[in-house]
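Read through the structure below, which is laid out as structure tokens, and then see the notes.
The values are calculated or read from the model by the stated rules, or taken from the named source; none is laboratory data. Model, not experiment: these values are computed from the prediction. Cβ: placed from backbone, ideal geometry, glycine included. Neighbour counts: every protein chain shown. Heavy atoms of the whole protein, side chains included, go into the accessibility calculation; ligands, DNA and RNA do not. Shrake-Rupley method; radii C 1.70, N 1.55, O 1.52, S 1.80 Å.
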Amino acid sequence: MTHRILLALLCVFSVHIIKAQDTPVAYKGALIYTINSTPIENGTLIVQNGKILAVGADIQIPDNAKVFDVKGKVIMPGLVDTHSHLGNGSGGDRSGALHPEVRLLDAFDPMAVNLMKARAGGLTTINIMPGSGHLMSGQTLYIKTRKGKVIEDLTICKNVAMNICGGMKMANGTNSIRKKPFPGTRAKSAAMVRELFIKAQEYQKKLLAAKDSPEKAPARDLKMEGLIEILEGKRIVHFHTHRHDDVLTAIRISKEFGFKIVLHHVSEAWKIADEIAEANVPVSLIFIDSPGGKMEAIDLDPKSAAALEKAGADVAFHTDDPITDSRLLLRSAAIAVREGMTKPKALEGLTLAGAKMLELDDRIGSLEKGKDADFIILSGDPLSVYTHVEQTWIEGIKVFDTANAEDKAYAVGGYNVYPEATTHVHD
Amino acid sequence: MINLKSMTNYKLIIGLLLLAAQLTSAQIAIKGETIYTVSGKTITDGVILIEDGKITKVGVASKVRIPKNYKVYSGKVVTPGLVDAHATVGFSGIYNNESDQMQLEKSSPIQPELRAIDGYNPQEALVKYLNSKGVTTVHTGHGPGAVISGQTFIAKTDGETIDIVTLDDATMLAMTIGPSVSRNFKSPGTAAKEIAMLRTELLKAQEYQKKKQNDDISKHPSRNLKMEALVQLLEGKMKALVTVNSSNLIMTAIRLAEEFNLKLVLDGAAESYLLIDEIKTSKAEVILHPTKARGYGDMKNMSWDTAAKLTESGIPVAIQSGYEPYVPKTRVILYEAAIAVASGLSFEDGLKSITFNAAKIIGQDDKVGSIEKGKDADIVIYDGDPFEYLTHVCTVITNGKVTHQECE
């Protein structure tokens, strides 16, 4: 028994042995995209204790600092993927269309090999989601792609039992239209969602009424608790939606109940960019190499990014891995630029915009003093097909290095490199 | 009044004639800062002349005079129209519902008699979409997922009817070896059974072929569409397009091709990098899976550098758009080759994989796949490196007609 405990302790410690350096480390000579300021040529980034100590062109490097010469390289913040299915998690089942009590974290595999795709692609923060085959498929999980054994090694929240560690996945349109008990039409989908939120409002009222006399409080209800976090603005709704009318329905419901929402996919955003901007709702886009695959996505067009930028809406990008590959998130920003978005906004869409959509922008998304030392070193321009992610760093710890043969294999694939495939599309 | 009216008609007719001439058999000149002819030398500051849908002249600008009446298009980079070596586009449509998914008939696992020309929709939105991304020729047809799913054919991506678009009406027989077959049929349920069924059918076809060769016509067997198609395969008039990914089953495909003397095209071929010598010896041709394909099932060992590895070893590859059950409903070979080029394939070989090599494997290298005098005037103009993410496909010319234009 003691042996087992010892072994368990060793396991825990072995993970934490890889600790951020408390002596400063300087990366000198790169072109640095800080995101929150103009790019710095021949810049230096200094990190210490997992945080950014300083970044700039002419900054003093402390005498005790370890210095890496990264001349000719490009440094930018670690990428934020606002929507992914890596880690083999799961959400609600077919017993119903609404699962606010289901937590992806209870099924997520922090040791999943497919997370290496994210590290190889320079993704340091990910919103891991359950699928879109439900109106509400469950609670999502915000992680860093740190290496670890238990979910707490990866989560951004400190305590998965006590904290709110992610958002809520919702969807409308055809993915969630199925046989009973699922809705059969779009209007029914909206009605079912509204009914549920009205129930949650009632529950919330009862809780408030019983504030001073806990014995009068209603019995605990996991479903209601998940929804109240949404109503109180503590849990963000990540809403899968494609067609222009579905998008506006999602916005309408969010306004009715006053919850925070991020629109995901939004194939037809270019048709209603002004309306989205007017509603002050952020959008996370995905680019698929051809339109269609289902009726509601036949008008998908990568010009959405530029249209939204012009309208003044916030835009981020996501992989929806396995729909697009985590190793190619940079490509999304490049496609957005090809179709008219400005480069600074596109780079922001890979980083700070996504961080804001997860309300993590106080810690991540830009290279600023005091923020987490999450950054990537690139071989060249972030928007070039020929550019490779050479290193990925999270809180001062390297999680991917292309100079390492094993890591290189994760960047290209090969025999037994990814033994488990990421399945799950919209079930 | 009468004069005026006839005058207007006269002008209208002339105008229409001019317009028609411009749209169909226009005389076009293309000026390119860099022209990748693919089959020959790359030309800096070059000119291509087009007349009646064919390339009539290619050379450096200083030596090729552009006649006055030619409409001139110019751009930074010029390549041949792209050739997609294997697609299901036109069979699997944009909506992805049962009314537009015609790439796989599930009533029986062996149906070589299914002709591609009877199933292709030349007006499919995704065919037009591919044209706008530079793809002017597609080898498409029945998809993977059956032991023999049917025939493939070759089409140009511009034109409204099957007769107009068809370059070759029966090119290959689409076969699959591997686990995807048993997902679609009760039997075969294993790869070994797939091969046993295939060999049984091919033996029957050999018998049928023998009987057909009898000088006494009265002894000929009655017509059998299935057998007729398989005889075409045995006679090498159609190639065997075998979708297979795992290394052991690639060897099985090679063994089968040897036994029946089939012209083998390995399709998908995710683990082909493990069998470079064996594939070389077999003389099989390779149409690689899309570089960005998902590593599901027997694709799990796929790698982005397979095209580079095969090419380095002397096996020319074509990169395909392939079949996608979900999204993207069609892939774009330009984007797939780009990732292969970023993963170690040379620029020139990347371009070859979606032009010349593809044209060769599908047997159309006399018409498409390179910029040469006498070939079809299928040309793409770009505003930069074709593989770069930021580059636009500016102008697409198909059979001498401008079919897409987007750069100002």
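Tabulated data
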{"item": "Among residues of region A:65-118, those that are free of Cβ contacts under 8 Å to residues at least 60 places away in the same chain, among the hydrophobic types (A, V, I, L, M, F, W, C) and not in a loop (DSSP other than H, G, I, E, B), counted", "result": "3"}
{"item": "Yes/no for residue B:324 being in the same structural domain as residue B:142 (by TED's automatic domain parsing), part of a loop (DSSP other than H, G, I, E, B) and among the acidic types (Asp, Glu)", "result": "yes"}
{"item": "Enumeration of residues in region A:298-328 that are touching a residue at least 40 places away in the same chain (Cβ under 8 Å) and either more than 11 Å from chain B (Cβ to nearest Cβ) or at positive phi (or both)", "result": "A:305, A:313, A:314, A:316, A:317, A:318, A:319, A:320, A:326"}
{"item": "Enumeration of residues in region B:387-399 that are more than 10 Å from chain A (Cβ to nearest Cβ), more than 13 Å from residue B:157 (Cα to Cα) and not hydrophobic (A, V, I, L, M, F, W, C)", "result": "B:395"}
{"item": "Qualifying residue in region A:93-111 (condition: closer than 14 Å to residue A:28 by Cα, touching a Leu at 6+ places or on another chain (Cβ under 8 Å) and surrounded by 19 or more Cβ atoms within 10 Å (Cβ to Cβ))", "result": "no"}
{"item": "Residue B:329 at the interface with chain A (Cβ under 10 Å from one of its Cβ atoms) and under 28 Å from residue B:172 (Cβ atoms)", "result": "yes"}
{"item": "Members of region A:407-427 found to be among the small types (Gly, Ala, Ser) and modelled with pLDDT of 95 or more, listed by number", "result": "A:409, A:411, A:413, A:414"}
{"item": "Filter result for the condition that a residue is within 31 Å of the chain's Cα centre (by Cα) and more than 30 Å from residue B:302 (Cα to Cα), over B:213, B:206", "result": "B:206"}
{"item": "Number of the exception - residue B:160 against (1) more than 14 Å from every other protein chain (Cβ to nearest Cβ); (2) within 18 Å of residue B:358 (Cα to Cα)", "result": "(2)"}
{"item": "In region B:270-294, residue farthest from residue B:230 (Cα to Cα) [restricted to those that are open to solvent by less than 60 Å² (accessible area, probe 1.4 Å) and more than 14 Å from chain A (Cβ to nearest Cβ)]", "result": "B:279"}
{"item": "Region A:35-64: number of residues that are loosely packed, with under 15 Cβ neighbours inside 10 Å and in a strand (DSSP E or B)", "result": "2"}
{"item": "Only one of B:46, B:93 that is within 14 Å of another protein chain (Cβ to nearest Cβ), touching a residue at least 24 places away in the same chain (Cβ under 8 Å) and open to solvent by less than 10 Å² (accessible area, probe 1.4 Å)", "result": "B:93"}
{"item": "Number of positions in region B:358-408 that are aliphatic (A, V, I, L, M) and over 14 Å from residue B:54 (Cβ atoms)", "result": "10"}
{"item": "Among residues of region B:204-237, those that are aliphatic (A, V, I, L, M) and closer than 23 Å to residue B:281 by Cβ, counted", "result": "2"}
{"item": "Subset of region B:295-319 [open to solvent by 40 Å² or more (accessible area, probe 1.4 Å) and either at the interface with chain A (Cβ under 9 Å from one of its Cβ atoms) or part of a loop (DSSP other than H, G, I, E, B) (or both)]", "result": "B:296, B:297, B:300, B:314, B:316"}
{"item": "Condition broken by residue B:322, with the remaining ones in (1) within 14 Å of chain A (Cβ to nearest Cβ); (2) at negative phi; (3) surrounded by 21 or more Cβ atoms within 10 Å (Cβ to Cβ) satisfied", "result": "(2)"}
